[in-house]
Amino acid sequence: MYKKQQPNGKWKFFEKYQDKQDKWKQVSVTKNSGGREAQSQARTELELKIAEKLSEEKEAEEAPKTINECYAESRKIRQAELAESTYLSETYGLKDFIKKFGQREIISIEPKEMQEYLFSNKYSNTTRHTIALRIGHIFQYAYSMGFTHENIMNRIILPKQKNRLKVLPSGKKNFSLWMKCENF
C-alpha cells in the first residue's frame, strides 16, 4: 500500500492486486488525513474492495448461462409486469430467436450476430425495433444478474423510424397550417 497527498489536502491510498487473468489492477481510497489510524482504515477498506472485485470476476466466470436459461428466468419477471395478452404476444415474437440462439451461452453472443439476425429476416423497421426491444429484455436481465459484462443490444444499430405526415382533408390542412403559423 502506498499513499499520495492530493492538492485539496486529502490523502489517497492505493493498493495493487492481480486479477484472475494475472493482470495488475489498482484500487484506491481517499481519506482526510494521512495518520496511522487513517492508514489502518484505508488498508481494511482496500482489502474489502479487492475481495469484492475478485468475487465479482469469480461469479461472472462460474455462471455461464444459456439464452434458454436467462429467457426462462426473465420470463417470470416479464409475466408479472405485463398483461396476459401482451406477454403471450411477446413470447410468440421471441420464438424464432429462442429456436436459433437458445442453446448458446449468453456470453458467447456478439452484437454483430444480433445485428445480422435482425436484418436476416424481412421485417419492417417497426418490427425490427420491437424484436430488438424484446431481446434486449433478456440481455438486460443477464447483465443485471451478472451473467454478462454488458447488454449487447445497446450496441445494435437499427434504421431510424420514418415519420410520415397524415393526409388530411383539404379544409383541415388549411386550419392546421393556420394554427401552426399562429403559434409562432
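The values are calculated or read from the model by the stated rules, or taken from the named source; none is laboratory data. Since this is a predicted model, take the numbers as computed values, not measurements. Ideal geometry is used to build each Cβ from the backbone, glycine not excepted, and the neighbour counts take in all protein chains shown.
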Flagged pairs (Cβ under 6 angstrom, 6 or more apart or on separate chains; first in segment 23-47, closer than 14 Å to residue 10 by Cα; second part of a helix (DSSP H, G or I)) are 29/42; 29/45; 29/46; 31/38; 31/42
Restricting segment 94-121 to residues that are farther than 15 Å from residue 142 by Cα and hydroxyl-bearing (Ser, Thr, Tyr), the one surrounded by the fewest Cβ atoms within 10 Å (Cβ to Cβ) turns out to be 120
Only one of (1) at pLDDT below 90; (2) of a type in the set (D, E, K, R); (3) within 24 Å of residue 114 (Cα to Cα) does not apply to residue 62, and that is (3)
Of the conditions (1) farther than 25 Å from residue 144 by Cα; (2) not in a helix (DSSP H, G or I), the single one that residue 25 does not satisfy is (1)
When every residue in segment 31-47 that is surrounded by 12 or more Cβ atoms within 10 Å (Cβ to Cβ) and of a type outside the set (S, T, N, Q) is compared, the one modelled with the lowest pLDDT is 34
In the set 92, 87, 117, the lone residue that is in a helix (DSSP H, G or I), among the aromatic types (Phe, Trp, Tyr) and closer than 21 Å to residue 147 by Cβ is 117
Residue 28 fails exactly one of (1) of a type in the set (Ser, Thr, Tyr); (2) at pLDDT 90 or above; (3) out of contact with any Phe, Trp or Tyr (no Cβ under 6 Å at 6 or more places or on another chain), namely (3)
The number of residues in segment 123-158 that are of a type in the set (Phe, Trp, Tyr), free of Cβ contacts under 8 Å to residues at least 24 places away in the same chain and either part of a loop (DSSP other than H, G, I, E, B) or farther than 18 Å from residue 108 by Cβ (or both) is 1
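Of 15, 45, which residue is part of a strand (DSSP E or B), farther than 18 Å from residue 144 by Cβ and of a type in the set (Asp, Glu)?
15
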Among the residues of segment 75-90, is any basic (Lys, Arg) and not assigned by TED's automatic domain parsing to the domain that holds residue 113? no
Within segment 65-93, of all residues that are over 19 Å from the mean Cα position of the chain (by Cα) and touching a residue at least 24 places away in the same chain (Cβ under 8 Å), the one surrounded by the most Cβ atoms within 10 Å (Cβ to Cβ) is 90
